Amino acid sequence: MEGRNIILIGMMASGKTTVGGLLADRLGRALVDTDALIEHREGRTIPAIFAQDGEDHFRALEQQTAETLSHQTGLIVSCGGGLPLRPQAMAPLKESGVVFWLRRDPGATYDSGVLGDRPLAQDGRAAFLERFAQREPVYRRWADHIITDFSSPEATADAILEVLEAGNSSSSTAPT
């Protein structure tokens, strides 16, 4: 497992970057947030990319980023919420490491108020919950392990570390 990447997937605002940062600190690895990397490379925010060039352009950037990251090792990769929707983006990442789905309750995520100006979170709570329902089977498909402890970011990171320490990085899925 040492050189394999740790890939975090889940809905926007599920804690991937926060938990990824904790894991990076604890494991001495670099954290790469795909959205932040795209923003850095493009010199503009995700909302600006969506507004100026559309979602399809953003998804193409996401795919390029995923492909590049899949050729590196020892990373913690926090994926944008929609990245797993594109098999051509997710498959190379999955091959490079172990995938953890941070399955936070979508209602709790929406109600927390952390979604801000994220383009795909602007249509209200019902639309957000519907988006989760549409994405859930996709996340489940890619996940090697499902993490459901969101009592704190530290608890979520601990749950991932427990799986890693158990050496259980096969393609089995943890209970939901």
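The values are calculated or read from the model by the stated rules, or taken from the named source; none is laboratory data. Please read all numbers here as calculations on a predicted model, not as lab measurements. Backbone-built Cβ (ideal geometry, glycine too); neighbour counts: all protein chains shown. Just the protein is used for accessible areas: all its heavy atoms, side chains included, with ligands, DNA and RNA removed. Shrake-Rupley method; radii C 1.70, N 1.55, O 1.52, S 1.80 Å.
Some observations on this one:
- A single entry from Ala121, Ala159, Ala155 fulfils the requirement of being at pLDDT below 90, under 15 Å from Ser14 (Cβ atoms) and of a type in the set (A, V, I, L, M, F, W, C): Ala121.
- Only one of the numbered conditions (1) open to solvent by less than 10 Å² (accessible area, probe 1.4 Å); (2) aliphatic (A, V, I, L, M); (3) out of contact with any Asp or Glu (no Cβ under 9 Å at 6 or more places or on another chain) is not met by Val98, and that is (3).
- Per-region count, the stretch 136-152, residues surrounded by 18 or more Cβ atoms within 10 Å (Cβ to Cβ) and modelled with pLDDT under 95: 1
- Of all residue pairs spaced 6 or more apart or on separate chains, none has beta-carbon atoms under 8 Å together with a first member in the stretch 35-57 that is at pLDDT below 95 and charged (D, E, K, R) and a second member that is in a helix (DSSP H, G or I) and open to solvent by 70 Å² or more (accessible area, probe 1.4 Å).
- Residue check, Thr68 touching a residue at least 40 places away in the same chain (Cβ under 8 Å) and in a helix (DSSP H, G or I): no
- Failed item, numbered, when Gly74 is tested on (1) among the small types (Gly, Ala, Ser); (2) free of Cβ contacts under 8 Å to residues at least 24 places away in the same chain; (3) under 17 Å from Leu164 (Cβ atoms): (2)
- Only one of Ala36, Ala24 that is farther than 27 Å from Glu165 by Cα and assigned to a helix (DSSP H, G or I): Ala36
- Residue-level analysis places Arg44 among those that are basic (Lys, Arg), outside any helix (DSSP H, G or I), open to solvent by less than 60 Å² (accessible area, probe 1.4 Å) and over 30 Å from Ala155 (Cβ atoms).
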